[in-house]
Amino acid sequence: MGTVTSHEFEDPLSGISGSRDEIVGMRRDWIAARLGELGRRDPLRVLIGSNTLTCGGAEHQILRLMPRLLELGLEVEHFYHGGPHYLKSRFESKGLASHYLDLRTIGRWRLIRDAATLFRTRRYDIAHAFVGTANLYTRYAAVRAGIPVILGGWRSRRPERSFVLRLLYSYLNRWSGAWIINSSTNTEALDAFLGMKRLRTYLLPNAFDFDENLPEKRSPLPQEITDWIDGRRSIVILGRAEKSKNYDLFIDVAASVVSRRKDMCFVLIASTDHIPESRALEQRLRNRIENEGLSADILYTGRLDDASALLSNFSLFLFTSDVEGCPNAVIEAMAAGLPIVMTRSTDTKLLISEGENGYTSNGSVEELSHHIESILDDSKIRMGFGERSRELAVRNFDSADSAWLLARIYLEEWNRSL
């Protein structure tokens, strides 16, 4: 883990009970009272910036958090500077304000100028660059607009690869108060930036909306996948087609397991981005499965619509990434009630209770294979692990709790700016 450490503070309403609406109301009242103590009658106005409105984890987090923050009495809007715009209709359907300036069309300097004008006109108190190059464009425009609180956001364990961007992000640290991360191991990435010693770092777990009664999003598998599984116990992985996911390890584990038994099979659901590296990786993995004679035991589906809704149809979730922030795919599998076997690619303490809902490994094929078989060979253990996964997901990643923490971070940083 990096030398940067997370700043923590207590929940002033810990231990409260009641319905969801009652708890939201108590939290909203506390925020209003605290603002009143600080001489503020109006709600805090917050801008959250991202790169795009693609179907990525960060964008989904913003989509889930904004309505919850609005429930707590904050005024929250969104800004982005590039396509694609896949989630735009969902933002609109929820009545969420999202402002767009096209970086490609107007160029970076006009983007920053026009964004600063927009930010100044909208009179935001806080600008939160949620992810990626928003840490450049949202933060720089916020500096020019004179927004009192500027926050960075980092959602990966990997440092920024571009030396130029690392320098620019470091430069903007002069006007920033804190960084918000979604996993403690992401401090390793923040260590690559300069000027971090005086900044605070807050840990904000990923946010999910849970049904209180049912595992999330149940949809039947396409019939062709059901026919291919043919009653076998099925191990699934879900994610983008990118190198860090280490799907080769997934195939290695699958080959090891199916060499000994034919009652298990493996399904790889990997969506391919438009970039050439992603398409090349997909083709290489498909070729490997075919060339090694594994097509009867490993199914590469490619992208499936609303794939997380299909997870409850599988027996176990295997996650083989080398480096992660806080992986949404694992949380989605937990919410679907699946046992989890995963590599130690991130801080796993919110994801895995060893021997209760799953196991972690350093990436050993033998160890991962053993864990999979030990869980699936005992239906009572598998069911118990799945139930525990669901419990941990709801306890650790509920969007209402994440928004409550984020609102208090905003309030803390705004108070420091007075």
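Derivation of every value follows stated rules applied to the coordinates shown; laboratory data play no part. Values in this document were obtained by computation on a predicted structure and should not be read as measured data. Ideal geometry is used to build each Cβ from the backbone, glycine not excepted, and the neighbour counts take in all protein chains shown.
Computed from point charges on the beta carbon alone (+1 for Lys and Arg, -1 for Asp and Glu), the dipole magnitude for the range 329-418 about its Cα centre is near 260 Debye. Overall, the anisotropy analysis places the range 244-324 in the oblate class: the square-rooted eigenvalues a ≥ b ≥ c of its C-alpha gyration tensor yield a/c not less than 1.5, with a/b not exceeding b/c.
Assign unit charges at the C-beta atoms only (+1 for Lys and Arg, -1 for Asp and Glu), then state the dipole size of the range 223-396 relative to its Cα centre in Debye, rounded to the nearest 20. That gives the range 223-396 a dipole magnitude of about 100 debye.
Restricted to Cα atoms, the range 46-132 shows a radius of gyration and a Dmax of 12.4, 36 angstrom. Here the range 91-136 and the range 160-212 have alpha carbon centers that stand 19 Å from each other. Pull out a ≥ b ≥ c, the square roots of the eigenvalues of the alpha-carbon gyration tensor of the range 214-272, then state rounded if a/c is under 1.5, prolate if not and a/b is larger than b/c, and oblate in the remaining case. Oblate is the answer for the range 214-272, as a/c is 1.5 or above yet b/c matches or exceeds a/b.
Along the axis of the charge dipole computed for the chain (Cβ charges of +1 for Lys and Arg, -1 for Asp and Glu, origin at the Cα centre), the listed residues 194, 310, 407 are led at the positive end by 194. Amide H contacts of residue 48: 77, 78, 79, 128, each under 5 Å away and 5 or more positions distant or on a separate chain (H built 1.01 Å from N in the peptide plane; Pro and chain starts excluded).
Only Lys, Arg, Asp and Glu carry charge here, each on its Cβ (+1 for the first two, -1 for the last two); on that basis the chain has a dipole of about 1860 debye about its Cα centre. Taking 265, 55, 326 as the candidate residues, the one with maximal mean-square fluctuation in a Gaussian network model of the chain, Cα springs under 10 Å, is 55. Report, to the nearest 10°, how far helix 20-37 tilts away from the longest principal axis of the Cα atoms in the chain, using its own Cα long axis and a range of 0 to 90°. Approximately 30 degrees, to the nearest ten. A cut-off under 9 angstrom between Cβ atoms defines the neighbours of residue 400, and their net charge, with Lys, Arg +1 and Asp, Glu -1, is -1.
Each listed q (0.11, 0.12, 0.14 Å⁻¹) maps to a log10 I(q)/I(0) for the range 328-411 from the Debye sum over equal C-alpha point scatterers, namely -0.33, -0.38, -0.50.
Once backbone amide H atoms are built at 1.01 Å from N, residue 157 has 324, 325 as its partners under 5 Å, excluding neighbours fewer than 5 places away on the same chain. When 360, 105, 272 are sorted by how many other C-beta atoms sit within 10 angstrom of their C-beta, beginning with the fewest, the order is 105, 272, 360. Ordering 383, 333, 117 by the projection of their Cα atoms onto the charge dipole of the chain, which places +1 on the Cβ of Lys and Arg and -1 on the Cβ of Asp and Glu, puts 117 at the extreme positive end.
Sequence-ordered 3J(HN,Hα) estimates for the range 14-19 from the Karplus curve with 6.51, -1.76 and 1.60 and θ = phi - 60° stand at 5, x, 5, 9, x, 6 Hz, glycine and proline given as x. Eigenvalues of the alpha-carbon gyration tensor of the range 141-216, scaled by 5 and square-rooted, set the equivalent ellipsoid semi-axes at 28, 16, 11 angstrom, largest first. When Rg and Dmax are taken over the Cα atoms of the range 223-396, they come to 14.8, 44 Å. Neighbour counts of C-beta atoms inside 10 Å place 380, 88 in the sequence 380, 88, starting with the fewest.
Would you please state the base-10 log of I(q)/I(0) at q = 0.08, 0.14 1/Å for the chain, with intensities from the Debye formula using one equal scatterer on every alpha carbon? Those come out to -0.46, -1.30, one per q. Each peptide in 332-343, 307-318 receives the mean, over its residues, of other Cβ atoms within 10 Å, and ordering these scores from highest gives 332-343, 307-318.
Backbone amide hydrogens, once placed in the peptide plane, bring residue 350 within less than 5 Å of nothing, excluding anything fewer than 5 places away on its chain.
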